[in-house]
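Chemist: Pasting a structure here, questions to come.
The values are calculated or read from the model by the stated rules, or taken from the named source; none is laboratory data. None of the values given here were measured: they were computed from a predicted structure. Counting neighbours? That spans all protein chains shown, and the Cβs are built from the backbone with ideal geometry, glycine included.
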């Protein structure tokens, strides 16, 4: 039975009945990284240094060394990333159960709201409204907040700083608790630089998506793109982090399987 | 008389660029003492501790009493021009391209008679002149006679300009326009007559006070430039490298930690990445272009300025990792100087004491203001010196370092937070 499911999947992939959508931003030094106050430690941006390029450093081969933080580019947050999840079992990139890394996605389209208000916060009411149209969020789903923020290809607009800091959309505190406690989601994904809103520091608790999701052993995905190519329900995402020992996260190649 | 400098005609892009040549650069070990003081913009001569005789040219022993106890002492340079000549023919390739060239002999009031490059504004011999040192195109100390009083357009003398790096009518790259120091540097080189200033800025999404005002200046072009990003530097070197006459690298990261006050290496690594590797990346990408234009007419490529720190001389433990990164940068800057010398490009190292910025917030005054630092950089370019220690703190540290590096090390150890 299960073997037949996989055969059908492969057949549908080959015939194009199932499409694979790349949810990943390109890793390059042009893509911005999260910024903290300068006295704190900083996440490295992506950097590439050439080892050789068919030259005296290596005559027949081209390759690079790259450097980046665990939280650079499109990336996965493990529960150990936040203090609330630090003592949970299987909370780091090398120990998260791989079964959690492939799952159904519910995509909530907040692009209109985020377009009107960069500080837009997803609420419980908005999720219930989505459910009234698309059905209740199934247990162990990923919830992806589509904002079309990834269409801001200019890093200045993507980061969207002003005198009061960063302004990007994210979830309100209550909705994170709702998704964890009442809907049992696997994780939450966004298009902006973090799973929390740019002004998430001022919420209670600060950075509620990190606090509650990771505190409950759930995951985060951020800097996603192409969420506008996913249906509200019916897609499957695949988002495994690098198997870094005791890692708190990792850049990923996030993919979605979508019915054509 | 020296006239006002006129803006050179635009370069004809299909003509060959003249190769940089150097004047004769061989010196004895003793004669390098003159280079050492010229690098600091000072005029010193060997003085005998035994008999008090002042001598020139430098040698191993006193010309009067044969004592080996010689020390370099500061001179005021006053003297009498007793003979002069204008060279119209030379077998030296460097001077052949720059003829005619005026030379003279000056009897210094201090005693010795010296051969000098003669500034165009000096009255015919016999006349009073003031002798000072300059570094020539080869980076070696030479003597120049100036008129006793400042005259108009003195810096524009054709011979003098072969020894200085005047920003007038030149194109300058300031690598970091985000900071008060960077913005002061931009304004100062514009004030000194720079034609065009490229101003680098990293992480454009962060708001930097003052950058928009700088961008509004007609001479300024903002360019995205991040010295931690090889690709960014390669791109800019490709686009503007062949036009940069003066590169001022002021990009720096400064955190206020020793070893014990900060766990891990992240802050120290960020300092090294910008302060040391940033210089290396810039030098690899921009260096070749500058070297190829060392003799490219009146507005040739001429100088590379590094913003170092007086902490590069001896570690200031309270800012220990920063000191180490600047010491690394100083060492690399010496390598850069050696590699740029054949092209006649001067590498100027600036060693300020604490700058009056947010990272030195907790240090008591005196602290060096951004504008004072920028003025010192421009003066160094105009005078063509190699090492600049702007401000009282830097001067004092330099004196203590020259007197006894070990004593300074122990004193600084006592200042560890």
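The rows are residues; the columns are (1) in a loop (DSSP other than H, G, I, E, B); (2) in contact with a helix residue (DSSP H, G or I) (Cβ under 7 Å, 6 or more places away or on another chain).
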{"site": "A:92", "(1), (2)": "yes, yes"}
{"site": "A:99", "(1), (2)": "no, no"}
{"site": "A:130", "(1), (2)": "no, no"}
{"site": "A:133", "(1), (2)": "no, no"}
{"site": "A:144", "(1), (2)": "no, yes"}
{"site": "A:153", "(1), (2)": "yes, no"}
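Chemist: Would you mind stating whether residue B:217 is under 19 Å from residue B:8 (Cβ atoms), out of contact with any helix residue (DSSP H, G or I) (no Cβ under 6 Å at 6 or more places or on another chain) and in the same structural domain as residue B:330 (by TED's automatic domain parsing)?
Modeler: No: the conditions fail for residue B:217.
Chemist: Any residue at all in segment A:173-183 that's buried (at least 20 other Cβ atoms within 10 Å of the Cβ) and in contact (Cβ under 8 Å) with a residue 60 or more places away in the chain?
Modeler: Taking every residue of segment A:173-183 in turn, none turns out to be buried (at least 20 other Cβ atoms within 10 Å of the Cβ) and in contact (Cβ under 8 Å) with a residue 60 or more places away in the chain.
Chemist: Which one of these is within 14 Å of chain B (Cβ to nearest Cβ) and modelled with pLDDT of 95 or more: A:167, A:214, A:210, A:202?
Modeler: None of the other options fit; the residue is A:167.
Chemist: While we're looking at this one, here's another question. Quick check on my filter: what residues within segment A:35-57 are in a loop (DSSP other than H, G, I, E, B) and either within 11 Å of chain B (Cβ to nearest Cβ) or on the phi > 0 side of the Ramachandran plot (or both)?
Modeler: A:35, A:38, A:39, A:40, A:41, A:42, A:43, A:44, A:45, A:46
Chemist: Turning to a different aspect of this structure: So which residues in segment B:252-279 are within 11 Å of chain A (Cβ to nearest Cβ) and surrounded by fewer than 18 Cβ atoms within 10 Å (Cβ to Cβ)?
Modeler: B:262, B:263, B:264, B:265, B:266, B:269
Chemist: Do we have any residue at all in segment B:54-65 that's out of contact with any helix residue (DSSP H, G or I) (no Cβ under 6 Å at 6 or more places or on another chain), part of a strand (DSSP E or B), in the same structural domain as residue B:143 (by TED's automatic domain parsing) and crowded, with 16+ Cβ neighbours inside 10 Å?
Modeler: Within segment B:54-65, one or more residues are out of contact with any helix residue (DSSP H, G or I) (no Cβ under 6 Å at 6 or more places or on another chain), part of a strand (DSSP E or B), in the same structural domain as residue B:143 (by TED's automatic domain parsing) and crowded, with 16+ Cβ neighbours inside 10 Å.
Chemist: Could you please find all residues in segment A:116-129 being farther than 18 Å from residue A:173 by Cα and surrounded by 16 or more Cβ atoms within 10 Å (Cβ to Cβ)?
Modeler: none
Chemist: Any residue at all in segment B:196-216 that is more than 14 Å from chain A (Cβ to nearest Cβ), part of a loop (DSSP other than H, G, I, E, B) and in contact with a strand residue (DSSP E or B) (Cβ under 7 Å, 6 or more places away or on another chain)?
Modeler: Scanning segment B:196-216, I find no residue that is more than 14 Å from chain A (Cβ to nearest Cβ), part of a loop (DSSP other than H, G, I, E, B) and in contact with a strand residue (DSSP E or B) (Cβ under 7 Å, 6 or more places away or on another chain), so the answer is no.
Chemist: Taking segment B:66-87 as the search range and keeping residues that are surrounded by 13 or more Cβ atoms within 10 Å (Cβ to Cβ) and farther than 27 Å from residue B:125 by Cβ, which one is nearest to the chain's Cα centre (by Cα)?
Modeler: B:72
Chemist: From A:135, A:115, which residue is at positive phi, away from chain B (no Cβ under 14 Å) and more than 19 Å from the chain's Cα centre (by Cα)?
Modeler: Result of the check over A:135, A:115: A:135.
Chemist: While we're looking at this one, here's another question. Select from segment B:218-236 the residues that are part of a loop (DSSP other than H, G, I, E, B) and at the interface with chain A (Cβ under 10 Å from one of its Cβ atoms) and write down the one among them that is farthest from the chain's Cα centre (by Cα).
Modeler: Looking at residues that are part of a loop (DSSP other than H, G, I, E, B) and at the interface with chain A (Cβ under 10 Å from one of its Cβ atoms), I get B:229.
Chemist: Pull up segment A:155-164, narrow it to residues that are buried (at least 20 other Cβ atoms within 10 Å of the Cβ) and part of a helix (DSSP H, G or I), then point me to the one that is nearest to the other protein chains (Cβ to nearest Cβ).
Modeler: The extreme case among them is A:159.
Chemist: Taking segment B:173-195 only, how many residues are touching a strand residue (DSSP E or B) at 6+ places or on another chain (Cβ under 7 Å) and either at positive phi or within 12 Å of another protein chain (Cβ to nearest Cβ) (or both)?
Modeler: 1
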